[in-house]
Amino acid sequence: MVYLDFSASTPLLTSVKTELFRAFEEEYSNPSSIHKAGLASAEKIELSRFNIADTIGAYPSEIIFTSGASESNNLAIKGYALAHQHKGKHIITSGIEHKCVLSICNFLEQEHGYSITYIKPQKDGIVDADAVISAMREDTILVSIMHVNNELGTIQPIQKIGEACYQRNIKFHVDAAQSFKKIFINVDELNIDFLSISAHKIYGPKGIGALYIRDKREVKLQPLIHGAGQESNLRGGTLATPLILGFGVATTDQTLEENYIQIGLISSYLKNKIKELGWKLNSPEINTIPHIVNFTVPTLKTQIYIPNANVYCSNGSACSSLNIEVSHVLKAIGLSNDEGLSSIRVSLGINSKKEDIDMLIFSLKNFLN
């Protein structure tokens with residue numbers, strides 16, 4: 001078995017696994033309790049909050065724990081929009097956002113009368129910052145653009161968009177599920193107001209994520225989950241101590257960063273193989289992270305190949321890969337139905353080797369013969 005689907009989810013780091021086993025055994029008390037055991041768990045949670053905040057240049061008080069990036073996206077976009085309808089009802093996003101963001105925008109449009117502008121990407125899968133800026137209006141209250149596209153690996157011009165939002169007093173949300181710990185993030189330098197991240201994309205546990213909220217005490221959000229006041233009244237429910245501690249360890253573990261160069265070499269090796277075979281590379285050569293490579297294999301039917309291969313990869317986002325249809329991302333950059341249905345997303349991780357790429361190419365060639 002060769003696993004090449006790290007953008008969908010990652011295995012646990014050894015350090016994370018060790019911490020999870022320890023925490024599930026020892027940190028069973030409610031961290032909201034005022035006895036010694038509860039206070040001890042709460043203290044460890046705050047250390048994780050500090051470490052996550054430090055990674056993106058934020059204050060610990062600006063981090064809210066959620067169940068993952070999807071919930072973080074909902075809290076940021078839906079929470080801000082519903083709390084500030086009086087300021088305006090226009091939101092800008094792109095046509096290649098994660099399905100979660102597109103679903104939230106559709107909900108706000110259909111149920112609350114919001115006007116949504118969807119910026120079409122360029123053919124290289126990068127959203128033109130000037131197009132986003134040109135779409136800004138007097139009633140625009142929020143812009144939501146992902147940092148790295150989950151199907152192409154393209155890096156979006158976050159800094160330029162963030163600066164324009166800051167100048168116009170428009171809140172800026174960034175889905176950083178695919179960029180966190182892969183490329184540099186400083187929320188101040190990028191003028192980001194809301195940032196969504198998830199642990200299981202960085203070799204941490206599933207079911208835990210976080211939302212950065214700039215000036216949390218001053219920015220009003222409509223909570224999605226009401227409870228007993230946890231997470232500054234923004235996310236009710238007992239905190240999942242072991243998962244949070246595992247998230248904190250995944251954040252401070254440097255294995256992912258230490259393997260960046262190696263991942264880059266394997267990515268280049270794959271891209272060269274694709275070119276040699278005359279297949280079409282959909283991910284651009286520049287302004288992209290090396291971890292994700294999307295390409296089209298002529299005449300390949302991915303809906304038949306992927307479930308039957310011993311090389312585990314994807315033909316799009318794992319959230320919608322069970323649907324046999326062309327990815328909305330590939331459609332947005334101009335691929336035809338046949339090209340889209342013949343495309344594969346390979347996502348590399350810390351365990352990836354050149355031999356994995358050789359096995360992928362061998363498997364594809366055999367399947368086409």
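Quick notes
- Taken over the range 129-162, residues that are of a type in the set (A, V, I, L, M), surrounded by fewer than 18 Cβ atoms within 10 Å (Cβ to Cβ) and part of a loop (DSSP other than H, G, I, E, B) amount to 1.
- Residues located in the range 264-303, provided they are under 26 Å from PRO121 (Cα atoms), part of a helix (DSSP H, G or I) and touching a residue at least 60 places away in the same chain (Cβ under 8 Å): SER267, LEU270
- Each residue in the range 178-218 was checked for being free of Cβ contacts under 8 Å to residues at least 60 places away in the same chain and of a type outside the set (Asp, Glu), and 4 of them qualify.
- Odd one out for THR299 among (1) under 30 Å from ALA23 (Cα atoms); (2) among the hydroxyl-bearing types (Ser, Thr, Tyr); (3) at pLDDT below 95: (1)
- If you go through the range 100-121 and keep only what is surrounded by 15 or more Cβ atoms within 10 Å (Cβ to Cβ), under 21 Å from the mean Cα position of the chain (by Cα) and part of a loop (DSSP other than H, G, I, E, B), you end up with just PRO121.
- Taken together, ILE92, ILE126 contain a single residue that is farther than 16 Å from LEU239 by Cα and in a loop (DSSP other than H, G, I, E, B), which is ILE126.
The values are calculated or read from the model by the stated rules, or taken from the named source; none is laboratory data. If you're wondering where the values come from, they're calculated on a predicted model, not measured in any experiment. All Cβ positions, glycine included, derive from the backbone under ideal geometry; neighbour counts span all protein chains shown.
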